[in-house]
Amino acid sequence: MQENMNDIMKHMQIKKRLSQAIGRHFVCMSIIVFAIASASGFVGSAMYSVHRLTNEIRARTIVANEAYQRVQRVKQARQAKLAHIRNAEAEAKRRPRADVVHYSDTCTSVANPASITVIVSKTHCFSPKKWQPNDLVSIGNNEYLRAEAATHYINMKQAITAAGMSFSPSSAYRSYDDQVAVYDYWVTVNKNTDAADLVSARPGYSEHQTGLAVDVKLGSCALECFATTPTYAWLREHSAEYGFIQRYPEKLASITGYETEVWHWRYVGVEIAQAMRRLGIETLELYMQFMDSERKYGNSENR
Ligand SMILES: [Zn+2]
């Protein structure tokens, strides 16, 4: 009986240890299974993230490449346009007397005569013909320019005075009626209108009517002789800093319509005057053409 009890006790102890062992084993296995599941979940998630990142980088690279190609295309178009314009001026200089711009009976009316960049020429006239600015300011010698141009003119004059040179205005703003007298004078001097047209604008076609142009002189030297003066050399070098350009450069009458006028300076604003100098474009006509193409390509470095 005692033996049976011992056997039963032993049997129960073995069973208990066995069940404890199975319990521990189960816990271990669960931990292992859980660890493996977590690890594979983490790896899966990591792989998914890497995949998504790779796709995103690829998409962004494509977008960046397209943007780069677009910028390159704009740059190339810009360079091509600039080269075309420089060639047009170089070609015009090779045959300066050919294709001189003539007046036409039906000129194109300038859209905005008050614009600082307005082009008034043999093909672009005022409408109404007697248009006049409303902000004229005296620049001395009983001559007038529009306010913004006058301020820059006076600054330019102070700068050249500080450099030990000088000039004075011989003619700035001219009304339609003033231009009638000027043109008639040149017709009388030249005895025909074709010759007069090369040196003077017809009434309603003169840049002087904009209030943005000024003819300068040095003492009694008012026309061609001005080309040999240090004052002219200074203006060629520095006028852009004050927003002025030589409006009728040498040998470009086939573009501007006029023979060289070393005395005639036109205010276009500092930004444009300096851009023309930097880009090597001499005529306002072709600079405005270049700006039109810049706007088309959405490029503002222009200037
Ligand atoms: Zn002039």
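The values are calculated or read from the model by the stated rules, or taken from the named source; none is laboratory data. A quick note: this is a predicted structure, and the numbers were derived from the prediction, not measured. Glycine gets a Cβ as well: all are built from the backbone with ideal geometry, and neighbour counts include every protein chain shown. Quick note on the areas: whole protein, heavy atoms, side chains included, nothing else; ligands and nucleic acids left out. Shrake-Rupley method; radii C 1.70, N 1.55, O 1.52, S 1.80 Å.
Of I245, I62, which has the most accessible area with a 1.4 Å probe, and how do the rest follow in descending order?
Values: I245 15, I62 90 Å².
Correct descending sequence by accessible area is I62, I245.
How much of S121 can a 1.4 Å solvent probe reach, expressed as accessible area in Å² and rounded to 10?
Its heavy atoms expose roughly 10 Å² to the probe.
I need the GluC sites (Glu not before Pro) found in segment 235-303, filtered to DSSP loop residues with at most 11 other beta carbons within 10 Å of theirs.
Passing both the DSSP loop test and the Cβ count: E301.
Do you know the relative contact order of segment 102-297, to the nearest whole percent, from alpha carbon pairs under 8 angstrom that are 6+ apart? All intermediate terms of the calculation are to be shown ahead of the outcome.
On the way: 319 pairs, mean separation 38.7, N = 196.
Taking the mean separation of contacting Cα pairs over the length of segment 102-297, I get 20 percent.
Report, ordered by chain and residue number, the lysines lying within cross-link reach of K93, taken as a straight Cα distance under 18 Å and ignoring same-chain residues fewer than 8 apart.
Hits, sequence-local ones excluded: K251.
To the nearest 0.05, what FRET efficiency results for V63 and Y297 with a Förster distance of 35 Å applied to their C-beta separation? Provide the component values of the computation, followed by the final result.
Details: r = 20 Å, r/R0 = 0.57.
Computed FRET efficiency for V63 and Y297: 0.95.
Among P203, S170, Q246, whose Cα sits farthest toward the positive end of the charge dipole of segment 102-297 (+1 at Cβ of Lys/Arg, -1 at Cβ of Asp/Glu, about the Cα centre)?
Projecting each Cα onto the dipole axis, the largest value belongs to Q246.
Might you work out the accessible area of S127 for me, using a 1.4 Å probe with all protein chains in place, and round it to the nearest 10 Å²?
60 Å²
Order R146, R70, R247 by their accessible area, 1.4 angstrom probe, all chains in place, largest first.
Working: R146 30, R70 130, R247 0 Å².
Putting R146, R70, R247 in descending order of accessible area: R70, R146, R247.
Given a 1.4 Å probe and heavy atoms of the protein chains only, how would you sort W186, W263, largest accessible area at the top? Kindly include the intermediate steps, with their values, before the conclusion.
Working: W186 65, W263 25 Å².
My answer, sorted largest first, is W186, W263.
Per residue, what accessible area does segment 102-297 have, given a 1.4 Å probe and all protein chains present, in Å²? Walk me through the numbers before you get to the answer.
Values: 8650 Å² over 196 residues.
With all protein chains present, segment 102-297 gives 44 Å² per residue.
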